[in-house]
Amino acid sequence: MTANADLASIDVAAVLDRAAAGGRITPEEALELYRSAPLHALGAAADAVRRRRYAGVEHIATYIIERNINYTNACVTACKFCAFYAPPKSDKVWTRSLDDILRRCAETVELGGTQIMFQGGHHPDFGVEYYEEHFSAIKKEFPQLVIHSLGASEVEHMARISGVSAEEAIRRIHAAGLDSFAGAGAELLPERPRKAIAPLKESGERWLEIMEIAHNLGVESTSTMLMGTGETNAERIEHLRMIRDVQDRTGGFRAFIPYTYQPQNNVLRGRTQATVFEYLRMIAVARLFLDNVAHIQGSWLTTGKEAGQLSLHYGADDLGSVMLEENVVSSAGAKHRSNLVEMIDLIRKAGRVPAQRATTYEHLHIHDDPANDPVDHRVVSHLSSTALEGGTAHPELKLITSD
Ligand code: SF4
């Protein structure tokens, strides 16, 4: 019997019922749901799982206020989907000073942000020491900021530069102030699509191995998935399977966050892209398949605000962040921007009560009365002014306008 014939024998309605009731589904069943379950039924099953998991607070959807701080665009890894990096010897390379980074942290605190995502290229000179210095400086001045940053790819790179093991690198940057890993660099974990789009990155197995080391050291993370660079449906589900298997052992992934490839200013040139429907199907199948991952995050940044609202009805319980600064996917064409007032409005109009959350998902402020909504119009997602033009986002982003 062929694989397709195997899939054809799966009773989609029965699998949906079992998954909606909390039963574990196999990768083959997940693939068949992803390929052929009616979209509305898939969403209803995923939403049932979400409501049961969050019984008592199922009326709430969360968001966070954070800032991406991009410390350098110099990168030796040259991923084909990336519009942010510049080769290290290029005249487009920039690196932010520590003073500049601390100023951006100060602005984040001033605007009510609770988290920073330190995100940049694989600089040929930045080993463990660079991150130790920067994280300890940030924590010294802003102990209230959670450093939710980096991922296994950065660990692999910095460990190589410093000549230490991944475990030692993680121990040291954790001791210096890193609170949790953002799980960047997962892209697609199966070998074929990963090699096709990021041939110089570590393998998917190695990415997971490093995350497992981190989890075992008490450093939790989120997990991500880049959709739309030509991977097959089966490879998308295999990505989920690889994450679920590690999660069964560690429990260290707090959330799963799929997002879609952006087509501008990169080597792949947008020859393939994921549709909004593929994205929503992934949100729903992820909620059904990842029965061991607490949170599924919807995205408005790469898919648009309406798709973000819809994701809250397809299994997502969180709508990501008001990102005070973002330059990476913006360089590749993600043009969506939002602000605190609009984020609250988006969630409310999706039929949920908005709540600002912490990195670890505790509710900080539940906006259950519109009359008491925060009105700080400075809390806006900023993009670099040149992020959309030529890639390699410009360093001179001004965040706070003087008004
Ligand atoms: S995605 Fe990250 S590792 Fe890949 S080229 Fe861009 S900055 Fe470098």
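Taking only Cα atoms of segment 24-372, what ratio of Rg to Rh do you get with Rh as the Kirkwood inverse-distance radius?
Details: Rg = 19.0 Å, Rh = 20.3 Å.
Taking Rg over the Kirkwood Rh, I get 0.94.
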### Task
Largest first and to the nearest Å, give the Cα extent of segment 42-87 along each principal axis.
49, 26, 12
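Could you tell me the calculated FRET efficiency between Arg192 and Tyr54, based on Cβ-Cβ distance and R0 = 41 angstrom, to the nearest 0.05? Kindly include the intermediate steps, with their values, before the conclusion.
Numbers: r = 36 Å, r/R0 = 0.88.
According to the calculation, E is roughly 0.70.
Taking every DSSP beta bridge that has both residues in the chain, what percent is antiparallel when rounded to the nearest 5? List each step's numbers first, then the result.
Working: 5 of 35 bridges.
Counting DSSP beta bridges with both partners in the chain, the antiparallel share is about 15 percent.
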### Task
Sort Ser162, Ser136, Ser299, Ser311 so that the residue with the fewest other Cβ atoms within 10 Å of its own Cβ comes first and the one with the most comes last.
Ser136, Ser162, Ser299, Ser311
### Task
Could you compute the FRET efficiency for Ala106 and Val341, with r as their C-beta to C-beta distance and R0 at 30 Å, rounded to 0.05?
0.85
### Message
So if each residue of separation counts as 0.36 nm, and I subtract the Cα-Cα distance between Arg24 and Glu168, what length gain in nm does that give?
### Response
48.3 nm
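Hey, what did segment 1-129 get for relative contact order, percent, Cα under 8 Å, at least 6 apart? Could the numbers behind the result be given before it?
Working: 129 pairs, mean separation 30.8, N = 129.
Relative CO of segment 1-129 lands at 24 percent.
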#### Entry: Neighbour-count order for Arg352, Arg18, fewest beta carbons within 10 angstrom listed first
Arg18, Arg352
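Could you work out how much longer the chain between Lys349 and Ala13 gets when fully extended? Use 0.36 nm per residue separation minus the Cα distance between them, nm to one decimal. Each step should come with its number before you reach the end.
Numbers: separation 336, 0.36 × 336 = 120.96 nm, distance 3.02 nm.
Contour length minus Cα-Cα distance gives 117.9 nm.
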### Summary
If R0 = 35 Å, then Lys89 and Asp248, at their Cβ-Cβ distance, give a FRET efficiency to the nearest 0.05 of 0.20
### Task
For Gln119, enumerate residues with amide H under 5 Å from its amide H, sequence gap 5+ or separate chain, H modeled in the peptide plane.
Ile69, Asn70, Tyr71
### Summary
Taking the reciprocal of mean 1/r across every pair of different Cα atoms in segment 10-164, the Kirkwood radius in Å is 19.2 Å
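Do you know the relative contact order of the chain, to the nearest whole percent, from alpha carbon pairs under 8 angstrom that are 6+ apart? Could the numbers behind the result be given before it?
On the way: 827 pairs, mean separation 83.0, N = 403.
Contact order relative to length: 21 percent.
In square nanometres, what is one fourth of the surface area of the convex hull spanned by the alpha carbons of segment 176-265? Kindly include the intermediate steps, with their values, before the conclusion.
Details: hull surface 25.5 nm².
So the mean shadow area of the Cα hull is 6.4 nm².
Most exposed first by the Cβ proxy, i.e. fewest other Cβ within 10 Å, how do Trp94, Trp207 rank?
On the way: Trp94 16, Trp207 25.
Placing the least packed residue first, the sequence is Trp94, Trp207.
Report, in debye and to the nearest 20, how large the dipole of the chain comes out about its Cα centre when Lys and Arg carry +1 and Asp and Glu carry -1 on their Cβ. Could you put the intermediate results ahead of the total?
Working: 42 positive and 53 negative charges, 125 e Å.
So the magnitude is around 600 debye.
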## Note on the structure
Spelling it out for Met227: with amide H atoms placed in the peptide plane at 1.01 Å from N, the residues 5 or more places away or on another chain with amide H under 5 Å from its amide H are Tyr259, Thr260, Tyr261
### Message
With the cut-off at 1.5 for a/c, could you classify segment 230-375 from its C-alpha gyration tensor as rounded, prolate or oblate?
### Response
oblate
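For the chain, what does -39500 (n - 2.57) per DSSP helix run (n ≥ 4), summed and divided by total residues, give at 222 nm, in deg cm²/dmol to the nearest 500? Don't jump to the answer; show the numbers that get you there.
Values: 15 runs with 162 residues, N = 403.
Calculated at 222 nm, the ellipticity per residue is -12000 deg cm²/dmol.
Every number here is computed from the coordinates shown, using simple stated rules; none is lab data. Everything numeric in this text was worked out from a predicted model, so none of it was measured. Virtual Cβ from ideal backbone geometry, glycine too; neighbours counted across all protein chains shown.
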